[in-house]
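Below is one structure, written out as C-alpha coordinates; the observations come after it.
The values are calculated or read from the model by the stated rules, or taken from the named source; none is laboratory data. Predicted, not measured: the structure shown is a model, and the values here were computed from it. In this analysis, Cβ positions are derived from the backbone assuming ideal geometry, glycine residues included, and neighbour counts consider all displayed protein chains.
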Amino acid sequence: MGEEQEEKKEMAEDQDVTKEEAAESIDDMVEKSEKAEDKAAFEEEIEAAELAESEKQAEPEKKEGLETEITEAAEEQAAARQEAEKAAEEAEAEEKEDQAEEEAAEKESAEDKEATAVEEPEEQEANQEETAQEPEPSPEEEKKEKKPRKPRKKKENAEENPEKKPEHEDEFMQMMREEEEEKKAAMEQKGEEEAPVPEAAADEEEISLIAKKPKKPKKKYGRGAREAEEMPEGQQTEESTEPKIYALRTTANREDQVVDFLTSNAARKKLAVYSVVRPHGMRGYIFIEAATRTDAEQAAFEVPYAKGLLPSIIQYKEIEHMLEQVKKEANIQKNDIAEIISGPFKREKAKITRIDKAKEEVVVELLEAAVPIPLTLKMDAVRVIRRDSESQPDD
(Lines give C-alpha, C1' and ligand atoms only; values in the text may rest on other atoms or scores of the structure.)
Protein backbone atom coordinates (compact mmCIF):
# COMPACT_ATOMS: atom_id res chain seq x y z
CA MET A 1 0.00 0.00 0.00
CA GLY A 2 2.84 2.37 0.79
CA GLU A 3 4.39 1.86 -2.65
CA GLU A 4 1.15 2.65 -4.41
CA GLN A 5 0.74 5.84 -2.46
CA GLU A 6 4.31 6.88 -3.34
CA GLU A 7 3.68 6.20 -6.99
CA LYS A 8 0.51 8.30 -6.87
CA LYS A 9 2.44 11.13 -5.21
CA GLU A 10 5.12 10.98 -7.92
CA MET A 11 2.51 10.94 -10.64
CA ALA A 12 0.77 13.96 -9.06
CA GLU A 13 4.09 15.79 -8.84
CA ASP A 14 4.82 15.01 -12.49
CA GLN A 15 1.40 16.34 -13.47
CA ASP A 16 2.01 19.52 -11.47
CA VAL A 17 5.36 19.98 -13.25
CA THR A 18 3.78 19.50 -16.69
CA LYS A 19 1.03 21.95 -15.78
CA GLU A 20 3.58 24.53 -14.70
CA GLU A 21 5.55 24.00 -17.90
CA ALA A 22 2.38 24.36 -20.01
CA ALA A 23 1.44 27.53 -18.16
CA GLU A 24 4.94 28.93 -18.74
CA SER A 25 4.76 28.05 -22.46
CA ILE A 26 1.32 29.70 -22.72
CA ASP A 27 2.68 32.83 -21.02
CA ASP A 28 5.61 32.86 -23.44
CA MET A 29 3.24 32.55 -26.40
CA VAL A 30 1.06 35.39 -25.07
CA GLU A 31 4.09 37.62 -24.63
CA LYS A 32 5.28 36.81 -28.12
CA SER A 33 1.85 37.58 -29.62
CA GLU A 34 1.68 40.90 -27.74
CA LYS A 35 5.14 41.79 -29.00
CA ALA A 36 4.12 40.94 -32.57
CA GLU A 37 0.99 43.09 -32.23
CA ASP A 38 3.03 45.99 -30.85
CA LYS A 39 5.51 45.60 -33.68
CA ALA A 40 2.73 45.61 -36.32
CA ALA A 41 1.15 48.70 -34.77
CA PHE A 42 4.54 50.42 -34.70
CA GLU A 43 5.14 49.55 -38.37
CA GLU A 44 1.68 50.91 -39.28
CA GLU A 45 2.49 54.16 -37.49
CA ILE A 46 5.77 54.42 -39.40
CA GLU A 47 4.02 53.82 -42.74
CA ALA A 48 1.39 56.47 -41.93
CA ALA A 49 4.13 58.97 -41.06
CA GLU A 50 5.97 58.19 -44.31
CA LEU A 51 2.77 58.66 -46.32
CA ALA A 52 2.13 62.02 -44.65
CA GLU A 53 5.69 63.17 -45.41
CA SER A 54 5.43 62.04 -49.07
CA GLU A 55 2.15 63.96 -49.45
CA LYS A 56 3.74 67.08 -47.98
CA GLN A 57 6.67 66.75 -50.39
CA ALA A 58 4.32 66.23 -53.37
CA GLU A 59 2.32 69.43 -52.68
CA PRO A 60 5.19 71.89 -53.51
CA GLU A 61 6.02 69.81 -56.60
CA LYS A 62 2.42 70.19 -57.82
CA LYS A 63 2.56 73.93 -57.18
CA GLU A 64 5.87 74.20 -59.03
CA GLY A 65 4.38 72.29 -61.98
CA LEU A 66 1.41 74.66 -62.12
CA GLU A 67 3.69 77.70 -61.90
CA THR A 68 5.92 76.38 -64.71
CA GLU A 69 2.87 75.78 -66.94
CA ILE A 70 1.60 79.30 -66.30
CA THR A 71 5.01 80.87 -66.96
CA GLU A 72 5.37 78.86 -70.19
CA ALA A 73 1.95 80.03 -71.37
CA ALA A 74 2.87 83.65 -70.58
CA GLU A 75 6.17 83.30 -72.46
CA GLU A 76 4.38 81.85 -75.50
CA GLN A 77 1.93 84.75 -75.52
CA ALA A 78 4.77 87.27 -75.24
CA ALA A 79 6.63 85.60 -78.12
CA ALA A 80 3.48 85.65 -80.27
CA ARG A 81 3.01 89.35 -79.56
CA GLN A 82 6.63 90.10 -80.46
CA GLU A 83 6.24 88.20 -83.74
CA ALA A 84 3.08 90.15 -84.54
CA GLU A 85 4.85 93.45 -83.82
CA LYS A 86 7.79 92.47 -86.03
CA ALA A 87 5.44 91.48 -88.83
CA ALA A 88 3.61 94.80 -88.51
CA GLU A 89 6.92 96.71 -88.68
CA GLU A 90 7.96 94.75 -91.79
CA ALA A 91 4.61 95.48 -93.42
CA GLU A 92 5.00 99.22 -92.70
CA ALA A 93 8.51 99.19 -94.17
CA GLU A 94 7.23 97.46 -97.33
CA GLU A 95 4.44 100.02 -97.67
CA LYS A 96 6.91 102.87 -97.36
CA GLU A 97 9.15 101.30 -100.04
CA ASP A 98 6.16 100.85 -102.35
CA GLN A 99 5.16 104.49 -101.86
CA ALA A 100 8.71 105.67 -102.56
CA GLU A 101 8.83 103.60 -105.77
CA GLU A 102 5.48 104.99 -106.90
CA GLU A 103 6.60 108.56 -106.25
CA ALA A 104 9.84 107.99 -108.17
CA ALA A 105 7.94 106.47 -111.11
CA GLU A 106 5.51 109.42 -111.15
CA LYS A 107 8.40 111.91 -111.14
CA GLU A 108 10.08 110.09 -114.04
CA SER A 109 6.88 110.03 -116.06
CA ALA A 110 6.35 113.76 -115.44
CA GLU A 111 9.92 114.53 -116.54
CA ASP A 112 9.49 112.41 -119.69
CA LYS A 113 6.25 114.26 -120.53
CA GLU A 114 7.93 117.64 -120.11
CA ALA A 115 10.88 116.58 -122.27
CA THR A 116 8.64 115.27 -125.06
CA ALA A 117 6.46 118.40 -124.86
CA VAL A 118 9.57 120.60 -125.35
CA GLU A 119 11.06 118.48 -128.17
CA GLU A 120 7.89 118.12 -130.26
CA PRO A 121 7.39 121.81 -131.28
CA GLU A 122 11.08 122.16 -132.16
CA GLU A 123 11.00 119.09 -134.40
CA GLN A 124 7.77 120.21 -136.06
CA GLU A 125 9.22 123.65 -136.87
CA ALA A 126 12.40 122.12 -138.33
CA ASN A 127 10.36 119.68 -140.44
CA GLN A 128 8.11 122.46 -141.74
CA GLU A 129 11.13 124.48 -142.82
CA GLU A 130 12.60 121.46 -144.64
CA THR A 131 9.33 120.71 -146.43
CA ALA A 132 8.99 124.34 -147.49
CA GLN A 133 12.47 124.31 -149.10
CA GLU A 134 11.96 120.95 -150.87
CA PRO A 135 10.30 120.97 -154.37
CA GLU A 136 6.99 119.29 -154.98
CA PRO A 137 7.50 115.53 -155.45
CA SER A 138 6.36 113.79 -158.64
CA PRO A 139 3.82 110.90 -158.50
CA GLU A 140 6.56 108.34 -158.90
CA GLU A 141 8.53 109.83 -156.01
CA GLU A 142 5.36 109.84 -153.85
CA LYS A 143 4.93 106.10 -154.43
CA LYS A 144 8.54 105.52 -153.49
CA GLU A 145 8.15 107.65 -150.37
CA LYS A 146 5.04 105.76 -149.30
CA LYS A 147 7.08 102.56 -149.08
CA PRO A 148 8.40 102.17 -145.49
CA ARG A 149 12.12 102.30 -145.18
CA LYS A 150 13.72 99.22 -143.72
CA PRO A 151 16.15 99.82 -140.88
CA ARG A 152 19.70 98.73 -141.47
CA LYS A 153 20.68 95.44 -139.93
CA LYS A 154 23.45 95.57 -137.45
CA LYS A 155 25.90 92.75 -137.09
CA GLU A 156 26.37 93.32 -133.39
CA ASN A 157 24.05 91.37 -131.18
CA ALA A 158 21.90 93.25 -128.69
CA GLU A 159 22.80 90.86 -125.91
CA GLU A 160 26.54 91.31 -126.51
CA ASN A 161 26.26 95.13 -126.79
CA PRO A 162 23.37 96.24 -124.61
CA GLU A 163 24.60 99.85 -124.65
CA LYS A 164 23.91 100.23 -128.41
CA LYS A 165 20.33 98.99 -128.24
CA PRO A 166 18.79 102.34 -127.21
CA GLU A 167 20.62 104.10 -130.09
CA HIS A 168 19.11 101.66 -132.60
CA GLU A 169 15.65 102.26 -131.18
CA ASP A 170 16.12 106.05 -131.36
CA GLU A 171 17.14 105.83 -135.02
CA PHE A 172 14.13 103.70 -135.86
CA MET A 173 11.78 106.09 -134.06
CA GLN A 174 13.37 109.05 -135.83
CA MET A 175 12.93 107.39 -139.23
CA MET A 176 9.29 106.66 -138.52
CA ARG A 177 8.72 110.27 -137.46
CA GLU A 178 10.35 111.53 -140.64
CA GLU A 179 8.07 109.34 -142.75
CA GLU A 180 5.01 110.63 -140.91
CA GLU A 181 6.11 114.20 -141.38
CA GLU A 182 6.72 113.64 -145.12
CA LYS A 183 3.26 112.11 -145.46
CA LYS A 184 1.75 115.05 -143.61
CA ALA A 185 3.49 117.55 -145.85
CA ALA A 186 2.36 115.66 -148.97
CA MET A 187 -1.26 115.62 -147.77
CA GLU A 188 -1.13 119.34 -147.01
CA GLN A 189 0.10 120.02 -150.53
CA LYS A 190 -2.75 117.98 -152.00
CA GLY A 191 -5.27 119.86 -149.82
CA GLU A 192 -6.41 116.85 -147.83
CA GLU A 193 -6.44 117.16 -144.10
CA GLU A 194 -5.38 114.13 -142.18
CA ALA A 195 -4.45 113.96 -138.55
CA PRO A 196 -2.18 110.99 -137.97
CA VAL A 197 -1.58 110.08 -134.39
CA PRO A 198 1.98 111.02 -133.43
CA GLU A 199 4.00 108.25 -131.95
CA ALA A 200 5.28 110.53 -129.20
CA ALA A 201 1.77 110.71 -127.72
CA ALA A 202 1.50 106.92 -127.85
CA ASP A 203 4.88 106.67 -126.14
CA GLU A 204 3.68 109.08 -123.46
CA GLU A 205 0.56 106.97 -122.88
CA GLU A 206 2.67 103.84 -122.58
CA ILE A 207 4.98 105.58 -120.10
CA SER A 208 2.04 106.83 -118.06
CA LEU A 209 0.52 103.33 -117.96
CA ILE A 210 3.82 101.87 -116.82
CA ALA A 211 4.32 104.59 -114.21
CA LYS A 212 0.86 104.21 -112.66
CA LYS A 213 1.22 100.90 -110.88
CA PRO A 214 -1.78 99.61 -109.00
CA LYS A 215 -1.42 100.07 -105.26
CA LYS A 216 -0.88 96.87 -103.36
CA PRO A 217 -3.31 96.13 -100.56
CA LYS A 218 -1.93 96.35 -97.06
CA LYS A 219 -0.74 93.01 -95.84
CA LYS A 220 -1.20 91.69 -92.32
CA TYR A 221 0.97 89.08 -90.74
CA GLY A 222 0.76 86.76 -87.75
CA ARG A 223 -2.19 85.28 -85.87
CA GLY A 224 -4.15 88.56 -86.19
CA ALA A 225 -4.02 88.33 -90.00
CA ARG A 226 -5.28 84.73 -90.02
CA GLU A 227 -8.09 85.64 -87.63
CA ALA A 228 -9.02 88.69 -89.78
CA GLU A 229 -9.17 86.51 -92.91
CA GLU A 230 -11.13 83.68 -91.28
CA MET A 231 -13.29 85.81 -88.96
CA PRO A 232 -16.76 86.51 -90.38
CA GLU A 233 -18.66 89.63 -89.41
CA GLY A 234 -20.32 89.79 -85.99
CA GLN A 235 -17.77 87.65 -84.13
CA GLN A 236 -15.78 88.86 -81.12
CA THR A 237 -12.04 89.57 -81.11
CA GLU A 238 -9.53 90.55 -78.44
CA GLU A 239 -9.94 94.24 -79.42
CA SER A 240 -13.72 94.34 -78.83
CA THR A 241 -15.00 95.92 -75.62
CA GLU A 242 -17.81 93.41 -75.00
CA PRO A 243 -17.34 90.51 -72.53
CA LYS A 244 -15.67 87.47 -74.06
CA ILE A 245 -15.94 83.73 -73.41
CA TYR A 246 -12.77 81.65 -72.86
CA ALA A 247 -12.40 77.87 -72.49
CA LEU A 248 -10.32 76.56 -69.57
CA ARG A 249 -8.82 73.07 -69.76
CA THR A 250 -9.18 71.02 -66.56
CA THR A 251 -8.48 67.53 -65.27
CA ALA A 252 -11.31 65.14 -66.15
CA ASN A 253 -13.98 64.75 -63.43
CA ARG A 254 -12.55 67.73 -61.50
CA GLU A 255 -14.61 70.44 -63.22
CA ASP A 256 -16.80 71.26 -60.20
CA GLN A 257 -13.77 71.75 -57.93
CA VAL A 258 -12.13 74.04 -60.49
CA VAL A 259 -15.34 76.11 -60.72
CA ASP A 260 -15.42 76.55 -56.92
CA PHE A 261 -11.74 77.53 -56.69
CA LEU A 262 -11.98 79.87 -59.68
CA THR A 263 -15.05 81.75 -58.46
CA SER A 264 -13.54 82.30 -55.01
CA ASN A 265 -10.24 83.42 -56.60
CA ALA A 266 -12.03 85.94 -58.87
CA ALA A 267 -14.08 87.33 -55.95
CA ARG A 268 -11.00 87.66 -53.75
CA LYS A 269 -8.98 89.48 -56.44
CA LYS A 270 -12.03 91.54 -57.59
CA LEU A 271 -11.55 90.57 -61.25
CA ALA A 272 -13.94 91.33 -64.12
CA VAL A 273 -15.22 87.74 -64.32
CA TYR A 274 -18.98 87.71 -64.94
CA SER A 275 -19.84 84.00 -65.02
CA VAL A 276 -18.33 80.50 -64.92
CA VAL A 277 -20.19 77.70 -66.72
CA ARG A 278 -19.71 73.96 -66.46
CA PRO A 279 -21.94 72.37 -69.18
CA HIS A 280 -23.61 69.10 -68.27
CA GLY A 281 -21.93 66.13 -69.94
CA MET A 282 -18.73 67.93 -71.02
CA ARG A 283 -15.53 66.59 -69.46
CA GLY A 284 -12.21 68.41 -69.19
CA TYR A 285 -13.44 71.95 -70.03
CA ILE A 286 -15.29 74.85 -68.38
CA PHE A 287 -16.17 78.27 -69.82
CA ILE A 288 -15.31 81.68 -68.31
CA GLU A 289 -17.04 84.93 -69.28
CA ALA A 290 -14.65 87.83 -68.57
CA ALA A 291 -13.88 91.35 -69.79
CA THR A 292 -10.34 90.51 -71.00
CA ARG A 293 -8.03 87.52 -71.33
CA THR A 294 -5.85 88.79 -68.45
CA ASP A 295 -8.83 88.70 -66.07
CA ALA A 296 -9.57 85.09 -67.01
CA GLU A 297 -5.89 84.11 -66.66
CA GLN A 298 -5.60 85.79 -63.26
CA ALA A 299 -8.75 84.01 -62.07
CA ALA A 300 -7.34 80.61 -63.16
CA PHE A 301 -3.85 81.35 -61.74
CA GLU A 302 -2.70 78.71 -59.19
CA VAL A 303 -6.08 76.94 -59.30
CA PRO A 304 -5.67 73.18 -58.72
CA TYR A 305 -6.52 70.90 -61.66
CA ALA A 306 -6.62 73.90 -64.09
CA LYS A 307 -4.38 73.41 -67.16
CA GLY A 308 -4.65 76.77 -68.96
CA LEU A 309 -6.86 78.75 -71.34
CA LEU A 310 -7.32 77.91 -75.01
CA PRO A 311 -5.78 80.55 -77.35
CA SER A 312 -8.93 81.42 -79.30
CA ILE A 313 -12.11 83.15 -78.11
CA ILE A 314 -15.22 80.96 -77.89
CA GLN A 315 -18.20 82.45 -79.75
CA TYR A 316 -21.59 82.25 -78.04
CA LYS A 317 -23.12 80.45 -81.03
CA GLU A 318 -20.70 77.54 -80.49
CA ILE A 319 -21.94 76.81 -76.95
CA GLU A 320 -25.50 78.12 -77.22
CA HIS A 321 -26.96 74.61 -77.41
CA MET A 322 -25.16 73.69 -74.16
CA LEU A 323 -26.44 76.67 -72.15
CA GLU A 324 -30.02 77.30 -73.28
CA GLN A 325 -32.41 74.65 -72.05
CA VAL A 326 -35.26 73.63 -74.30
CA LYS A 327 -38.32 72.28 -72.54
CA LYS A 328 -39.41 68.88 -73.77
CA GLU A 329 -42.24 66.70 -72.60
CA ALA A 330 -40.81 63.93 -70.41
CA ASN A 331 -41.89 60.47 -71.48
CA ILE A 332 -42.34 59.15 -67.94
CA GLN A 333 -45.14 56.84 -66.81
CA LYS A 334 -46.21 55.30 -63.57
CA ASN A 335 -44.42 52.07 -62.51
CA ASP A 336 -41.43 52.87 -64.76
CA ILE A 337 -37.99 51.84 -63.50
CA ALA A 338 -35.75 54.90 -63.57
CA GLU A 339 -32.20 55.86 -62.57
CA ILE A 340 -31.55 58.95 -60.46
CA ILE A 341 -28.94 61.09 -62.25
CA SER A 342 -28.43 63.89 -59.71
CA GLY A 343 -28.57 64.55 -55.98
CA PRO A 344 -27.49 62.42 -53.02
CA PHE A 345 -29.15 59.28 -54.46
CA LYS A 346 -27.29 59.54 -57.77
CA ARG A 347 -27.02 56.25 -59.77
CA GLU A 348 -29.65 54.57 -57.57
CA LYS A 349 -32.51 52.72 -59.24
CA ALA A 350 -36.07 53.55 -58.26
CA LYS A 351 -39.69 52.91 -59.22
CA ILE A 352 -41.99 55.78 -60.15
CA THR A 353 -45.15 55.75 -58.05
CA ARG A 354 -46.70 59.16 -58.81
CA ILE A 355 -46.27 61.95 -61.41
CA ASP A 356 -47.12 65.64 -60.93
CA LYS A 357 -46.87 67.30 -64.36
CA ALA A 358 -47.93 70.74 -63.07
CA LYS A 359 -44.96 70.94 -60.68
CA GLU A 360 -42.74 68.79 -62.96
CA GLU A 361 -42.08 66.39 -60.07
CA VAL A 362 -42.19 62.63 -59.57
CA VAL A 363 -42.45 60.48 -56.46
CA VAL A 364 -40.17 57.42 -56.50
CA GLU A 365 -39.28 54.50 -54.22
CA LEU A 366 -35.77 53.08 -54.09
CA LEU A 367 -35.60 49.47 -55.23
CA GLU A 368 -32.61 48.46 -53.12
CA ALA A 369 -33.92 50.01 -49.90
CA ALA A 370 -35.06 47.62 -47.19
CA VAL A 371 -37.99 49.85 -46.32
CA PRO A 372 -39.77 51.65 -49.23
CA ILE A 373 -39.37 55.39 -48.61
CA PRO A 374 -41.10 57.82 -51.04
CA LEU A 375 -38.80 60.51 -52.50
CA THR A 376 -39.98 63.61 -54.38
CA LEU A 377 -37.65 64.56 -57.25
CA LYS A 378 -37.68 66.79 -60.31
CA MET A 379 -38.46 65.14 -63.64
CA ASP A 380 -35.07 66.06 -65.06
CA ALA A 381 -33.36 64.29 -62.12
CA VAL A 382 -34.46 60.82 -63.30
CA ARG A 383 -33.87 58.81 -66.45
CA VAL A 384 -36.18 55.95 -67.49
CA ILE A 385 -34.24 52.74 -68.06
CA ARG A 386 -37.03 50.15 -68.16
CA ARG A 387 -40.78 50.30 -68.66
CA ASP A 388 -43.21 47.85 -67.16
CA SER A 389 -45.58 46.40 -69.77
CA GLU A 390 -48.39 46.23 -67.19
CA SER A 391 -48.15 49.93 -66.31
CA GLN A 392 -51.21 51.69 -64.97
CA PRO A 393 -52.51 55.06 -66.30
CA ASP A 394 -51.18 58.25 -64.72
CA ASP A 395 -52.98 59.71 -61.69
Somewhere in region 82-102, is a residue surrounded by 11 or more Cβ atoms within 10 Å (Cβ to Cβ), closer than 27 Å to residue 250 by Cβ and not β-branched (Val, Ile, Thr)?
no
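Answer yes or no: is there a residue in region 314-335 that is among the aliphatic types (A, V, I, L, M) and part of a strand (DSSP E or B).
Yes, the conditions are met somewhere in region 314-335.
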Does region 40-60 include one or more residues that are part of a helix (DSSP H, G or I) and touching a residue at least 60 places away in the same chain (Cβ under 8 Å)?
no
For residue 392, indicate whether it is farther than 30 Å from residue 271 by Cα, surrounded by 13 or more Cβ atoms within 10 Å (Cβ to Cβ), out of contact with any helix residue (DSSP H, G or I) (no Cβ under 9 Å at 6 or more places or on another chain) and at pLDDT below 90.
no
Note on region 258-272: residues closer than 19 Å to residue 70 by Cα and either part of a loop (DSSP other than H, G, I, E, B) or not small (Gly, Ala, Ser) (or both) are 258, 259, 261, 262, 263, 265, 269, 271
For region 91-137: of the residues being under 17 Å from residue 181 (Cα atoms) and among the hydroxyl-bearing types (Ser, Thr, Tyr), which is modelled with the highest pLDDT?
116
Within region 340-378, considering residues that are surrounded by 11 or more Cβ atoms within 10 Å (Cβ to Cβ) and of a type in the set (Gly, Ala, Ser), the one nearest to the chain's Cα centre (by Cα):
342
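Which of the residues that make up region 232-257 are more than 14 Å from residue 303 (Cβ to Cβ) and assigned to a strand (DSSP E or B)?
244, 245, 247 - these are the residues of region 232-257 that are more than 14 Å from residue 303 (Cβ to Cβ) and assigned to a strand (DSSP E or B).
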